[in-house]
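The values are calculated or read from the model by the stated rules, or taken from the named source; none is laboratory data. Since we're looking at a predicted model, the values are computed, not measured. Reconstructed Cβ throughout: ideal geometry from the backbone, glycine too, with neighbour counts over all protein chains shown.
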Amino acid sequence: MAEAATGGTGLRFEMDGEIATITLDRPEKRNAQTFGTWSALARIGDELPEHVRVVVIRGEGPSFSSGIDLGMFTQDPGLAQGPGPAEGPGTDSFAAAAAHGDADLQRLIAEAQRGFLWLRRPEIVSIAAVRGHAIGAGFQLALACDLRIVADDVMFCMKEPALGLVPDLTGTKPLVDIVGVPRAIEMCLTARVVGAAEALRLGLAEMAVPANELGQAVQDLTAALLAVDRAAATATKRLLQGAPHRTLEAQAAAERTEQATRIRALFASSK
Ligand code: CAA
């Protein structure tokens, strides 16, 4: 996706070989997100070149993201909103969206969710590099990634229920998968802040580093990920993603299937 195509959406997209970097680029608004941001994310997913293996999501400035643009509550987001679903609700504000029928509203939310779901593809590894605030949609965007590397000043907060909403940008499942239902209820329904030490302890972050070392930590992790054979990495991610939903026997069968493919790919032509 060309840089120009992200114009007005608060995102920057850059590629360097097998690494794609998406930067939330509205630091003056703490990288607040809009429907336009989510449509642009979905388009990046649609158009991601096949050779990309690692996708890094970061925020410009001191905060990863302050979540949804609060202008959505007052009809003044101050940024391109992107198209709604065909003949569907407007996306300028919740008031505009609420005026439409349930099916249109759900299509609008589904389009926003599409911006987050592609980050789980087995062919890529997505990394959220999170410093400062990751509130609401910001927390959910970090949760949409496979891995979270955080700065020691990180502040995760699921603010939606405190604003009368639910977290709907695909964040509830990874949150529960990581911390369990009781802890997720406690975190979401109190809208409290989770800092770096707790995020590490709960498994919400794979690594916490001083803020000025975040970029280097992500680069080091990316280099380590790229050093592994791509087909093996993809098959392994697919296996690991399926593991929570399978019995031990079914998982063992899935391992056999993936390994048979790997063995043939590696050794069939060397006889
Ligand atoms: N939307 C719009 N503007 C925002 C914003 C947001 N979410 N967050 C910050 N800004 C703006 C501020 O209004 C301010 O603008 P001006 O300079 O024009 O006054 C600028 O960004 C800087 O903000 P602060 O001065 O407040 O910066 P800070 O560092 O002191 O505080 C903050 C940062 C804690 C993130 C604070 O700005 C804040 O609490 N923001 C609101 C967070 C929020 O409630 N987000 C909604 C989460 S729920 C969600 O995301 C819903 C969903 O998915 C459905």
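Which of the residues that make up the stretch 161-182 are within 16 Å of the ligand (Cβ to nearest atom) and hydrophobic (A, V, I, L, M, F, W, C)?
Within the stretch 161-182, ALA162, LEU163, LEU165, VAL166, LEU169, LEU175 meet the criteria.
Just to be sure before I move on: is GLY45 surrounded by 15 or more Cβ atoms within 10 Å (Cβ to Cβ), within 10 Å of the ligand (Cβ to nearest atom), modelled with pLDDT of 90 or more and farther than 26 Å from PRO161 by Cα in the structure I sent? So GLY45 fails the test. Would you mind stating whether ASP92 is at pLDDT below 90 and more than 13 Å from the ligand (Cβ to nearest atom)? Answer is yes for this residue. Among the residues making up the stretch 129-158, those that are surrounded by 20 or more Cβ atoms within 10 Å (Cβ to Cβ) and either in a loop (DSSP other than H, G, I, E, B) or not assigned by TED's automatic domain parsing to the domain that holds ARG107 (or both) are ARG131, GLY132, GLY136, CYS145, ASP146, VAL154, MET158.
Filter the stretch 16-41 down to the residues that are within 8 Å of the ligand (Cβ to nearest atom) and charged (D, E, K, R), then identify the one that is farthest from the chain's Cα centre (by Cα). Among residues in the stretch 16-41 that are within 8 Å of the ligand (Cβ to nearest atom) and charged (D, E, K, R), the one farthest from the chain's Cα centre (by Cα) is GLU28.
Here ILE185 passes the criteria (1) among the hydrophobic types (A, V, I, L, M, F, W, C); (2) in contact (Cβ under 8 Å) with a residue 60 or more places away in the chain; (3) more than 12 Å from the ligand (Cβ to nearest atom) except the one numbered (2). Scanning the stretch 224-249 for residues that are surrounded by fewer than 12 Cβ atoms within 10 Å (Cβ to Cβ) and either in a helix (DSSP H, G or I) or touching a residue at least 12 places away in the same chain (Cβ under 8 Å) (or both) yields ALA224, PRO244, HIS245, LEU248, GLU249.
In the stretch 57-70, of all residues being more than 6 Å from the ligand (Cβ to nearest atom) and not hydrophobic (A, V, I, L, M, F, W, C), the one that is surrounded by the fewest Cβ atoms within 10 Å (Cβ to Cβ) corresponds to PRO62.
The residues listed here are THR236, THR170, THR222; of these, the one that is of a type in the set (Val, Ile, Thr) and more than 22 Å from THR23 (Cα to Cα) is THR236.
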